[in-house]
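Please read the structure below before turning to the comments.
The values are calculated or read from the model by the stated rules, or taken from the named source; none is laboratory data. Note that the structure is a prediction, hence the values are computed from the model and not measured. Here the Cβ is made from the backbone with ideal geometry for all residues, glycine too, and neighbour counts use every protein chain on show. Heavy atoms of the whole protein, side chains included, go into the accessibility calculation; ligands, DNA and RNA do not. Shrake-Rupley method; radii C 1.70, N 1.55, O 1.52, S 1.80 Å.
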Amino acid sequence: MYDENDLIESPLQQKYTSGGKTVEVCIYRLPDTGWTLEIVDEYNNSTIFDGEFESDQEAFDLFLKEVEEEGIESMIGPKPGSSLH
(Lines give C-alpha, C1' and ligand atoms only; values in the text may rest on other atoms or scores of the structure.)
Protein backbone atom coordinates (compact mmCIF):
# COMPACT_ATOMS: atom_id res chain seq x y z
CA MET A 1 0.00 0.00 0.00
CA TYR A 2 1.19 3.51 -0.81
CA ASP A 3 1.22 6.65 1.31
CA GLU A 4 1.95 10.33 0.62
CA ASN A 5 5.70 9.64 0.83
CA ASP A 6 5.42 7.56 -2.36
CA LEU A 7 3.88 10.43 -4.35
CA ILE A 8 6.01 11.47 -7.32
CA GLU A 9 5.60 15.15 -8.25
CA SER A 10 6.36 16.39 -11.74
CA PRO A 11 8.96 19.11 -12.28
CA LEU A 12 6.26 20.73 -14.46
CA GLN A 13 4.19 21.60 -11.37
CA GLN A 14 3.92 25.35 -11.03
CA LYS A 15 1.78 28.38 -10.36
CA TYR A 16 0.40 29.62 -13.67
CA THR A 17 -0.92 33.14 -14.23
CA SER A 18 -3.03 34.35 -17.14
CA GLY A 19 -5.16 37.47 -17.35
CA GLY A 20 -4.27 38.43 -13.78
CA LYS A 21 -5.60 35.11 -12.38
CA THR A 22 -3.35 32.44 -10.90
CA VAL A 23 -3.89 28.70 -10.43
CA GLU A 24 -1.58 26.00 -9.17
CA VAL A 25 -0.93 23.21 -11.66
CA CYS A 26 -0.33 19.94 -9.79
CA ILE A 27 0.91 16.94 -11.75
CA TYR A 28 1.70 13.81 -9.78
CA ARG A 29 1.57 10.03 -9.72
CA LEU A 30 2.18 7.02 -7.54
CA PRO A 31 4.68 4.34 -8.52
CA ASP A 32 3.25 2.14 -11.29
CA THR A 33 0.41 4.57 -12.19
CA GLY A 34 -0.14 7.23 -14.80
CA TRP A 35 0.07 10.98 -14.15
CA THR A 36 -2.82 12.92 -12.58
CA LEU A 37 -3.57 16.55 -13.43
CA GLU A 38 -5.10 18.69 -10.68
CA ILE A 39 -5.73 22.43 -10.75
CA VAL A 40 -6.09 24.35 -7.48
CA ASP A 41 -7.45 27.89 -7.64
CA GLU A 42 -6.96 30.89 -5.36
CA TYR A 43 -9.90 29.79 -3.19
CA ASN A 44 -8.46 26.29 -2.74
CA ASN A 45 -11.07 24.77 -5.09
CA SER A 46 -9.65 21.67 -6.76
CA THR A 47 -10.34 20.30 -10.24
CA ILE A 48 -8.97 16.86 -11.07
CA PHE A 49 -9.01 15.91 -14.74
CA ASP A 50 -10.49 12.50 -15.62
CA GLY A 51 -8.16 9.66 -16.48
CA GLU A 52 -4.43 9.26 -16.23
CA PHE A 53 -1.78 10.59 -18.57
CA GLU A 54 1.16 8.64 -19.96
CA SER A 55 3.54 11.52 -19.30
CA ASP A 56 3.62 14.64 -17.17
CA GLN A 57 4.19 16.66 -20.36
CA GLU A 58 0.95 15.28 -21.84
CA ALA A 59 -0.92 16.43 -18.70
CA PHE A 60 0.65 19.89 -18.81
CA ASP A 61 -0.08 20.24 -22.53
CA LEU A 62 -3.77 19.50 -21.88
CA PHE A 63 -3.81 22.18 -19.18
CA LEU A 64 -2.33 24.73 -21.62
CA LYS A 65 -4.86 23.73 -24.30
CA GLU A 66 -7.75 24.18 -21.85
CA VAL A 67 -6.48 27.64 -20.84
CA GLU A 68 -6.16 28.63 -24.50
CA GLU A 69 -9.63 27.33 -25.47
CA GLU A 70 -11.70 28.00 -22.33
CA GLY A 71 -9.72 30.66 -20.44
CA ILE A 72 -8.20 30.36 -17.00
CA GLU A 73 -11.49 31.53 -15.47
CA SER A 74 -13.00 28.14 -16.35
CA MET A 75 -10.64 26.60 -13.78
CA ILE A 76 -11.56 28.94 -10.95
CA GLY A 77 -14.41 27.91 -8.67
CA PRO A 78 -16.63 30.04 -6.47
CA LYS A 79 -15.27 32.21 -3.72
CA PRO A 80 -15.90 30.65 -0.30
CA GLY A 81 -19.19 31.86 1.14
CA SER A 82 -20.52 33.04 -2.21
CA SER A 83 -23.94 32.00 -3.42
CA LEU A 84 -24.28 29.94 -6.60
CA HIS A 85 -27.72 31.42 -7.38
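Some points to look at:
- Gain on full extension, evaluated as 0.36 nm per residue between residue 65 and residue 44 minus their Cα-Cα distance, stands at 5.4 nm.
- Where labels lie 7 Å past Cα in the beta-carbon direction, separation of residue 79 and residue 54 in nm: 4.4 nm
- Solvent-accessible area, 1.4 Å probe, carbon plus sulfur percent, for the stretch 41-82: 42 percent
- Normalised per residue, the accessible area of the stretch 1-81 is 65 Å², obtained with a 1.4 Å probe and no contribution from ligands, DNA or RNA.
- In summary, the aspartates and glutamates within cross-link reach of residue 79, defined as a Cα separation below 19 angstrom excluding same-chain residues under 8 places away, comprise 24, 38, 41, 42.
- Split the chain at each of the GluC sites (Glu not before Pro) in a DSSP loop with at most 16 other beta carbon atoms within 10 Å, and the longest piece is 1-41.
- Over the chain, DSSP H runs of length four or greater, each weighted -39,500 (n - 2.57), average out per residue to a 222 nm ellipticity of -6000 deg cm²/dmol.
- The local environment of residue 23, defined by Cβ-Cβ distances under 11 Å, has a net charge of -4 under the rule Lys, Arg +1 and Asp, Glu -1.
- Across the chain, the mean sequence separation of Cα contacts (distance under 8 Å, 6 or more residues apart), normalised by length, yields a relative contact order of 24 percent.
- Between residue 3 and residue 18, the simple label model (points 7 Å from Cα in the Cβ direction) yields a spacing of 3.8 nm.
- Amide H contacts for residue 14 (H built 1.01 Å from N in the peptide plane; partners 5 or more residues away or on another chain; cut-off under 5 Å): 25.
- In sequence order, calculated HN-Hα J values of the stretch 66-75 (Karplus, 6.51, -1.76, 1.60; Hz; x Gly/Pro): 4, 4, 5, 7, 10, x, 5, 4, 5, 9
- Options (i) 1.16; (ii) 1.07; (iii) 0.94 - which one matches Cα Rg over 2.2 N^0.38 Å as calculated here: (i)
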